[in-house]
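Notes for the one structure printed next.
The values are calculated or read from the model by the stated rules, or taken from the named source; none is laboratory data. For clarity, every value in this text was computed on a predicted model and none was experimentally measured. Here the Cβ positions follow ideal geometry from the backbone for every residue, glycine too, while neighbour counts run over all protein chains shown. Ligands, DNA and RNA are stripped out before the accessible areas are found, and what is left, the full protein with its side chains, is counted by its heavy atoms. Shrake-Rupley method; radii C 1.70, N 1.55, O 1.52, S 1.80 Å.
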Amino acid sequence: MLSKQDMDALHEAIRVSLVARQEELKLSDEKLGKQAFGFMAAPRMKIQALFVAQGKGERRRPQVINIAELMNLCEAMGLSWQDEIRKALKAIS
């Protein structure tokens, strides 16, 4: 069972991997947002909310990526969401 610290570390490991892939593919937030969240009114802002810290002080952190969002992001970047979760789990073990 994962502790709160483990869950935070897992989310961060996934986020770091996704941001690295975004940079590798040279995808802008706008382009990635449209691919992964084209149904939203502001898909670029969703990418920024997931990847960049939001808020002030102690509350300043990115949104947690839920499983459906992870699936969309991975598909948009040619990744397997299952492999991304496995890699993140290995990274925090």
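Taking the criterion of being within 16 Å of residue 17 (Cα to Cα), outside any loop (DSSP other than H, G, I, E, B) and open to solvent by 30 Å² or more (accessible area, probe 1.4 Å), the residues of segment 56-75 that qualify are 67, 71, 72, 75.
Considering the conditions (1) in a helix (DSSP H, G or I); (2) touching a Leu at 6+ places or on another chain (Cβ under 6 Å), residue 5 is excluded by exactly one of them, (2).
A count restricted to segment 32-44 and to residues that are assigned to a helix (DSSP H, G or I) and open to solvent by less than 50 Å² (accessible area, probe 1.4 Å) stands at 5. In this structure, residue 84 does satisfy being among the acidic types (Asp, Glu), modelled with pLDDT of 95 or more and under 17 Å from residue 8 (Cβ atoms).
Filtered by the rule that a residue be over 16 Å from residue 81 (Cα atoms), open to solvent by less than 80 Å² (accessible area, probe 1.4 Å) and without any contact (Cβ under 8 Å) to a residue 60 or more places away in the chain, segment 8-31 gives 8, 25, 27, 28, 29, 30.
Being part of a loop (DSSP other than H, G, I, E, B) and either of a type in the set (Phe, Trp, Tyr) or open to solvent by 60 Å² or more (accessible area, probe 1.4 Å) (or both) is the filter here, so list the residues in segment 79-93 that pass it.
Residue satisfying the conditions is 93 alone.
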